[in-house]
Every structure is written in structure tokens, then in C-alpha cells.
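Asks: Have a look at this one before I ask anything.
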Amino acid sequence: MGVVSVRARGLPGLWMSREKNELCLTQAASEWATGVLKNHLKWKKSWYEERGAQGLKKLGYGPKVIQDAIQSTFNDAMYLSRCRLDGFAMRTSRKDFRSHFKVLVVNAESIYLDHLREQRRSARRSLVTEYQIKNVRPSEWVHIPRQLLFHCDGGILTPNFDPSLPDSATVLALDLATWYGKLRNDLVENVRRVRPSFIGDGDGDGAEATLDLAAIVFSCANCSKGTHHLGAALVGWDNILTHICSSNTHPTKWHGELRLSEKGHASALALMKLVKKDPQTTTAKDMDKLGARFSCGNCECTDFLGEKWGKALTWRECLTHVLYCVKPGHDDKHQTWFLLSEEATQAVKVRERPYPPRNKPIWGCGRCAKHLETPEEYAAVISRKAKFK
């Protein structure tokens with residue numbers, strides 16, 4: 001009985017060791033088979049790539065297109081999921097290669113067209129940048145509608161515009177001038193329908209002078225939806241053109257649909273009355289030069305000490321405020337403005353923060369092309385200008 005019990009106690013350990021050995025052998029065999037399969041597929045992939053490159057080269061494609069097409073077609077993850085192993089001799093299949101080569105040619109054609117489009121976009125950007133540097137003053141760079149020049153739904157330039165032609169810069173200048181003139185005339189026509197008494201001469205400088213009047217206030221349809229306030233009140237041709245040229249061509253971001261603002265016009269007349277200016281002749285730049293500060297009579301606040309105070313606003317901020325203010329009940333009241341005294345105005349100017357912020361890299365020199373692509377902080381631009389005075 002003792003011998004039997006010893007054998008009985010040893011049998012489970014023997015069985016476990018056998019199962020462990022079999023499991024190890026099975027795992028090793030599986031790893032070996034997987035390694036053989038991967039090595040074969042890698043070799044097969046390299047063979048297909050070599051044959052595919054030769055075929056594309058015969059079709060006239062360049063090295064860059066061939067490289068990108070092979071990489072996208074015979075990508076490891078995609079290729080390993082598509083490839084099948086020859087069950088007998090693990091040989092390469094010409095029939096299988098032909099099916100892959102058809103996909104390769106389709107991808108090469110698509111990549112070739114993408115390269116052509118990118119080359120054309122790059123040539124267009126270079127042309128616009130060169131034209132901007134040579135023909136436009138830096139202070140007017142914000143009037144170049146770069147995003148509106150080329151667009152699939154129809155931009156300022158025609159879709160078949162070729163930037164490589166010798167007269168491409170002349171065509172660009174003419175098309176821009178036509179676009180500026182149409183935009184200006186459309187806005188003046190809106191003013192003529194609503195405010196005919198403010199219309200001067202209908203074309204050219206007369207039309208632009210009409211748009212420069214401080215009483216002519218436009219509002220951007222996109223900005224009036226409550227997304228942001230930048231285009232809530234646009235006064236002056238320079239302000240209008242800058243806003244439109246900085247917009248995107250996407251329908252939800254298009255900032256070119258402008259309309260005359262009745263509320264903005266009434267507020268502008270009230271502000272000019274406070275500073276004793278004639279609405280028929282006072283321009284937006286005239287109001288800017290005054291440097292006056294105003295306060296909204298409907299936005300009085302009280303602090304914890306019981307003192308009443310209100311925000312001091314420039315005249316442009318007043319127009320934006322009346323069109324964009326979201327304070328409940330603000331629109332239901334008659335608009336009232338107060339003019340700050342000279343002493344209060346000077347005290348405000350000492351304490352107010354300049355806008356745009358000077359500590360952000362958004363500034364550039366207004367006399368050269370130094371910051372066309374890389375703007376800097378305000379102090380850096382000013383220090384550079386001081387060196388060359």
C-alpha cells in the first residue's frame with residue numbers, strides 16, 4: 001500500500017509537467033508559425049512594392065507620387081489583412097499582384113492630383129504674398145481678402161486662374177479692384193435706399209466718403225447672431241473692409257452680409273449731438289480724433305459701498321454696446337448717453353487698458369514686410385522701428 005500511495009502522490013505532478021510541456025511546445029510552434037507567416041508577408045510585400053514601383057514608373061509617375069502611393073496601398077495593417085498565403089509553395093501570385101496593382105494605380109492618380117492642387121495653392125499663395133509686399137502698403141494688408149481669392153464655390157479669381165502666367169499679377173490687381181468697387185457700390189446702394197440724405201457722389205471717392213461718415217453704421221449679420229461682438233457695429237470703409245477681408249468663406253463664418261443698423265444710426269446721431277458735430281460731414285476718423293468718452297445711461301451699477309458707477313466707453317464701443325448688449329431689459333428702454341467731462345476722460349485714459357492687447361504676438365510693422373508671416377508683441381515691433389529711425 002505504501003508503494004501505491006507514493007505513485008499515486010506523484011502522478012498528478014507528472015501529468016502537470018506533461019501538460020505544461022505540451023503547452024510550451026504548442027506556444028512555441030504557434031510563435032514559429034506566426035514568425036514564418038510575418039516574414040513571408042514582409043517579403044511578399046517588398047516584392048509587390050518593387051514590382052509596383054516599376055509599373056508606376058513606366059506609367060510616368062514621379063518618385064514622390066510613387067513613394068506615397070506605395071505607402072498608402074501596401075500599408076502594413078491594411079496589407080496584412082488583405083494578403084492571402086499560398087497554401088502550397090508560398091509563392092507570389094501574379095493574379096493577386098494584378099488586383100493590388102489596380103488599387104495602386106488608382107491611389108497614385110489620386111495622390112498625383114492632390115500634389116498638383118497643392119502646387120497650385122502654393123503658387124497662388126506665393127503670388128498673393130509677392131503682390132502684397134510689392135504693391136500694397138503694410139498698413140493696408142488687412143484689406144487683402146486672402147481667404148476670399150480662391151474658393152471652390154467661387155472666389156474673387158476664376159477657378160482656371162493660372163499664377164504661373166506672366167500677367168498673373170496684373171489680373172490679380174484688376175480682379176481685386178473690381179471686387180472692391182462692387183462691394184463699395186453695393187453698400188452705398190443700401191445707404192441710398194435707407195438714408196438718401198447722406199449720399200454724396202455715387203461712385204469712386206464720393207461713395208467711399210459716404211461710407212466713412214460716422215452716422216452710417218453697418219452691422220454684420222453673422223456677428224449679430226450673438227456669436228461675438230466684433231462686427232456688431234462697423235463704421236467707416238476701412239473698418240468695414242477689414243472685417244470682411246478677415247472672414248472665412250465657410251457659410252457659417254461668412255462676415256460679408258452687412259446691413260444698415262437703425263439703432264446704431266440713432267446712437268451715432270446722439271453721440272455726435274453731445275460733442276456738437278454735424279452728422280452730414282463728420283467722419284468716423286473725426287470722432288476717433290476727439291478721444292471723447294461716454295457712459296450708457298441704462299447701465300448704472302452700484303457697488304457694495306452704495307456708490308454708483310458706469311463703464312466709460314469710446315464712441316465706437318457705445319455703438320457696439322447698444323447693438324450687442326445682452327442685459328435683460330436694455331433694449332426696451334430709450335437709449336441715453338452721457339458725455340464725460342475732460343477731467344474724467346483723462347482719468348479714464350490713464351487707467352484703461354489698450355485694445356488690442358499689447359502683450360500678444362499680433363503686431364507688425366506698418367512700413368515694411370518684416371512681420372508679414374510672423375507678428376510679434378507690441379514692444380518688440382516698436383523697439384525695431386526705433387532702431388531704423
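The values are calculated or read from the model by the stated rules, or taken from the named source; none is laboratory data. Here the structure is a predicted model, which means the values were calculated and not measured. Cβ atoms come from the backbone with ideal geometry, glycine included; neighbour counts cover every protein chain shown. With ligands, DNA and RNA removed, areas are computed over all heavy atoms of the protein, side chains included. Shrake-Rupley method; radii C 1.70, N 1.55, O 1.52, S 1.80 Å.
Asks: Can you send over the solvent-accessible area of Val142, 1.4 Å probe, protein chains only, in Å² to the nearest 10?
Replies: Per-residue accessible area (Val142): approximately 80 Å².
Asks: How much length would be gained if the chain were fully extended between Leu113 and Asp167, taking 0.36 nm per residue of separation minus their Cα-Cα distance, in nm to one decimal? Write out the running numbers ahead of the final one.
Replies: Details: separation 54, 0.36 × 54 = 19.44 nm, distance 2.52 nm.
Gain on stretching Leu113 to Asp167: 16.9 nm.
Asks: Related question: Place the peptides 260-269, 130-139 in order of packing, highest mean first, counting for every residue the other Cβ atoms within 10 Å and averaging per peptide. It would help to have the intermediate numbers written out before the result.
Replies: Values: 260-269: 19.0, 130-139: 13.7.
Peptide ranking by packing, descending: 260-269, 130-139.
Asks: In sequence order, what are the phi-derived ³J(HN,Hα) couplings for segment 273-289 according to the Karplus relation 6.51 cos²θ - 1.76 cosθ + 1.60 with θ = phi - 60°, rounded to whole Hz, with x for glycine and proline?
Replies: 5, 5, 9, 6, 10, 7, x, 6, 10, 6, 9, 5, 5, 4, 5, 5, 5
Asks: Could you put Lys273, Lys370, Lys58, Lys349 in order of accessible surface area, largest first, with the 1.4 Å probe and the full protein assembly present?
Replies: Numbers: Lys273 160, Lys370 110, Lys58 180, Lys349 75 Å².
Final ranking, largest accessible area leading: Lys58, Lys273, Lys370, Lys349.
Asks: Right, next: How big is the accessible area of Arg51 in square angstrom, nearest 10, if you roll a 1.4 angstrom probe over the protein chains?
Replies: Probe radius 1.4 Å; accessible area of Arg51 about 80 Å².
Asks: Okay, moving on. Cα-Cα over 29 Å: which of Lys285/Lys311; Lys263/Lys349; Lys64/Lys134; Lys276/Lys311; Lys44/Lys64; Lys277/Lys311?
Replies: Working: Lys285/Lys311 23 Å; Lys263/Lys349 27 Å; Lys64/Lys134 34 Å; Lys276/Lys311 22 Å; Lys44/Lys64 22 Å; Lys277/Lys311 23 Å.
With Cα atoms farther than 29 Å apart: Lys64/Lys134.
Asks: Going from most exposed to least, what order do Thr170, Thr283 have by accessible area with a 1.4 Å probe? Display every interim value, and only then the final one.
Replies: Working: Thr170 85, Thr283 35 Å².
Sorted descending by solvent-accessible area, the residues read Thr170, Thr283.
Asks: Return an integer: the convex hull volume of the alpha-carbon atoms of segment 122-191, in Å³ per residue.
Replies: Numbers: hull volume 7.0 nm³, N = 70.
Value for segment 122-191: 99 Å³ per residue.
Asks: Sort Trp32, Trp309, Trp363 from largest to smallest accessible area, using a 1.4 Å probe on the heavy atoms of the protein chains. Can you show the working numbers first?
Replies: Working: Trp32 175, Trp309 125, Trp363 60 Å².
Of Trp32, Trp309, Trp363, the descending order of accessible area is Trp32, Trp309, Trp363.
Asks: Would you tell me the accessible area of Tyr378, worked out with a 1.4 angstrom probe on the heavy atoms of the protein chains, in Å² to the nearest 10?
Replies: 70
Asks: Can I ask one more? Tell me, what ³J(HN,Hα) does each residue in segment 57-69 have, in order and in whole Hz, if you take phi through Karplus 6.51 cos²θ - 1.76 cosθ + 1.60 with θ = phi - 60° and put x for Gly and Pro?
Replies: 5, 5, 7, x, 7, x, x, 5, 5, 4, 4, 5, 5
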